[in-house]
Amino acid sequence: MSRQSQDSWSTGDGKYSLRIRRKVITFMCRLSSRSPEWETGGVLIGFYSADLSTVVITQATPPPLDSTRSHSWFLRGVAGLTQLFERLWRQRERVYYVGEWHYHPESRVMPSAYDFAQMAQIARGTNYQCNAPVMLIVGMQPAKTSQPSIRAFVCPIGMNAIEFLRDRGGYGSPPGAIHGR
């Protein structure tokens with residue numbers, strides 16, 4: 001994948017890196033714009049580097065049909081996800097669950113305590129087999145800018161969530177710090 005077709009992020013300590021295909025960002029922003037006043041979201045699909053320090057996000061799903069939402073919360077459903085992941089696992093180049101994404105209908109993206117608690121539960125859960133899931137939150141596109149607000153976090157099992165800082169030249173909020181749950 002060329003550097004032009006992806007966005008790069010890393011944690012301030014350099015321990016974790018994130019690569020997101022731009023088509024994934026475009027897809028999440030398009031779904032979010034269709035839901036300007038209601039939260040929405042889905043799962044993130046991709047793979048990890050051999051040393052598990054870098055996650056590459058290759059796809060994002062729309063919300064499963066059994067998802068529920070309001071202006072201030074989103075509960076991702078599960079309809080169809082088992083079949084999707086079984087099909088993806090059988091592909092020659094395996095990709096799998098790497099995290100969650102959701103949309104906040106506001107331009108200043110602030111993750112909630114519930115967002116972090118959910119990711120901690122996923123990291124500990126045996127169903128997901130993902131002990132360092134990624135959480136992406138998309139916000140409304142601020143006025144006077146062509147780029148949406150996006151914040152990204154890695155949520156390692158047993159640790160506080162760590163915010164990814166946007167590498168130069170792309171989407172993202174101003175650099176953040178480590179955020180506790």
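Of all the numbered requirements in (1) modelled with pLDDT of 90 or more; (2) on the phi > 0 side of the Ramachandran plot, residue 129 misses one, and that requirement is (1).
Here 69, 87 are screened, and the one residue that is among the basic types (Lys, Arg), over 27 Å from residue 16 (Cα atoms) and touching an Asp or Glu at 6+ places or on another chain (Cβ under 9 Å) is 69.
Scanning segment 13-38 for residues that are out of contact with any helix residue (DSSP H, G or I) (no Cβ under 9 Å at 6 or more places or on another chain), part of a helix (DSSP H, G or I) and surrounded by fewer than 20 Cβ atoms within 10 Å (Cβ to Cβ) turns up 26, 27, 29, 30, 31, 33.
Could we say that residue 83 is touching a strand residue (DSSP E or B) at 6+ places or on another chain (Cβ under 9 Å) and modelled with pLDDT of 90 or more here? Considered against the rule, which asks whether it is touching a strand residue (DSSP E or B) at 6+ places or on another chain (Cβ under 9 Å) and modelled with pLDDT of 90 or more, residue 83 comes out as no.
Quick grid of which residues meet (1) basic (Lys, Arg); (2) out of contact with any Cys (no Cβ under 9 Å at 6 or more places or on another chain); (3) over 25 Å from residue 158 (Cβ atoms):
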{"site": "32", "(1), (2), (3)": "no, yes, yes"}
{"site": "38", "(1), (2), (3)": "no, yes, yes"}
{"site": "49", "(1), (2), (3)": "no, yes, no"}
{"site": "56", "(1), (2), (3)": "no, yes, no"}
{"site": "74", "(1), (2), (3)": "no, yes, yes"}
{"site": "89", "(1), (2), (3)": "no, yes, yes"}
{"site": "96", "(1), (2), (3)": "no, no, no"}
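The values are calculated or read from the model by the stated rules, or taken from the named source; none is laboratory data. None of the values given here were measured: they were computed from a predicted structure. Reconstructed Cβ throughout: ideal geometry from the backbone, glycine too, with neighbour counts over all protein chains shown.
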